[in-house]
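These notes are about the structure you will find just below.
Please treat every number below as a calculation from the coordinates, not as lab data. Just so it is clear, the structure is predicted and the values come from calculations on it, not from any experiment. All Cβ positions, even for glycine, are placed from backbone atoms using ideal geometry, and neighbour counts span all protein chains on display.
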Amino acid sequence: MNDPSSGSQADAADAFDRGRPPIGSEGARALEKEAALPLTGWQQEVDQGLRYGLEAAESIVDRRISTFSRGELPHYAGINTFMKAPYLEDVNRVGEFDVAVVGVPHDSGTTYRPGTRFGPQGIRRISALYTPYNYEMGVDLREQITLCDVGDIFTIPANNEKSFDQISKGIAHVFASGAFPIILGGDHSIGFPTVRGVCRHLGDKKVGIIHFDRHVDTQESDLDERMHTTPWFHATNMANAPAENLVQLGIGGWQVPREGVKVCRERGTNVLTVTDICDMGLEAAAKYAIERATDGTDCVYISFDIDCIDAGFVPGTGWPEPGGLLPREALKLLELIVRNVPVCGLEVVEVSPPYDVSDMTSLMATRVICDTMAHLVVSGQLPRKSAPAWLSRDCNMQVDRAWR
Ligand SMILES: [Mn+2]
């Protein structure tokens, strides 16, 4: 007979101590972590709001509220920078911040449906929904790092190559300042010029690329140009970004050009399909990615194509492909990777708001970005105490060979 008052059932009952999460659970730990976070940044925001935005009307009881909205609240109000971070009009000052968000509104590299030129705006708009605090991680970005939004690169809509030159120059500037660059795409053609911007300031150091995507993006040209199907062919032509350190996670389906597959095979890139990732398990897949990306390199760049996630979750993208990762799988992979490699930059690409539904694709991009910042905080990579070891102040404009 089972006596309900004895043995494991009683222990289990103890663990559910009236109205509290189970002892030792993530939920229980999260409750404690929050208590350890300061409120200094929040208080500064309130004080500034009252100074800049006037004290509220007399009928408002909560005197932290200002007349003009000047901070996080209310979430539907205000000017749309990323997470309402200060807009840094003078990009010469970008090095004063731990993290800089840069928009790259470029979709001339798109070979099917366009719209990712509106990606930065779409991501910024829905990012206003987020608080800077994450429950499980016990991170409050407002308290722990400084963030700015430098606005967008001036891209040239009819010309990929001129846009690439603008993007490389802009990203090199942010990267060289010591601020951690977070890039809002834009289609995936920007992956080449962003990495080229990074490589200009690596000296003789090397970068591994971890690439989340359903597509390989490794062919030399597409429709006679360097398009969003080609960034890694050209990025891995640079000595600072070896192909053997390019890890491609989530590849598969009916939109992978055979030309690109041939390049992956010949250059020895590291491809895992969605099935590989599920069969290996997320821990083993992340371990593989980390080993390959860091073997002989000094830092890791993360290129997150939102279409690595199943098309059902991210309809607002240029080439939707069913069968991708579940959001929680992608986010867990990101966690396991970001916390365990020296990350030098992040881009999130292929968000196309005109095809989006209820901002869900933009919201997923926001989640990837905020999670990455939090993992960098938890793993001690942000805020930076000194300039990263891989950063060279000298700018080498010769990192890539001229194409055609
Ligand atoms: Mn893709």
Sorted by chain and then number, the residues having a modelled amide H within less than 5 Å of the amide H of T317, at least 5 places away or on another chain, are S352
In units of 2.2 N^0.38 Å, what is the alpha-carbon radius of gyration of the chain?
-> 1.04
Highest-MSF residue in the chain out of S189, S352, S59 [GNM, Cα springs under 10 Å] = S59
Residue by residue, what Karplus-based ³J(HN,Hα) values in Hz, rounded to whole numbers, does segment 257-269 have, using 6.51, -1.76 and 1.60 with θ = phi - 60° and x for Gly and Pro?
-> x, 4, 4, x, 4, 4, 5, 4, 5, 5, 8, x, 6
Amide H contacts of D222 (H built 1.01 Å from N, under 5 Å, at least 5 apart or other chain) = M227
Pop out the ³J(HN,Hα) list for segment 216-221 in order, Karplus 6.51 cos²θ - 1.76 cosθ + 1.60 with θ = phi - 60°, rounded to Hz; leave Gly and Pro as x.
-> 7, 6, 10, 7, 6, 8
Distance in nm between label sites at D47 and Y87, each 7 Å beyond Cα in the beta-carbon direction?
-> 2.6
Rank these for me by crowding, H188, H215, H75, going from fewest to most other beta carbons within 10 Å.
-> H75, H215, H188
Rule-of-thumb Rg ratio for segment 184-325 [Cα; 2.2 N^0.38 Å; N residues] | 0.98
Counting only Cα, what are the radius of gyration and maximum Cα-Cα distance Dmax of segment 11-77, in Å?
-> 18.8, 56
The residues W319, W42, W403, W232, sorted from fewest to most surrounding Cβ atoms within 10 Å, come out as W403, W42, W319, W232
Whole-Hz Karplus ³J(HN,Hα) for segment 66-79, in order, using 6.51 cos²θ - 1.76 cosθ + 1.60 and θ = phi - 60°, x for Gly and Pro?
-> 9, 6, 9, 5, 10, x, 4, 9, x, 5, 8, 9, x, 9
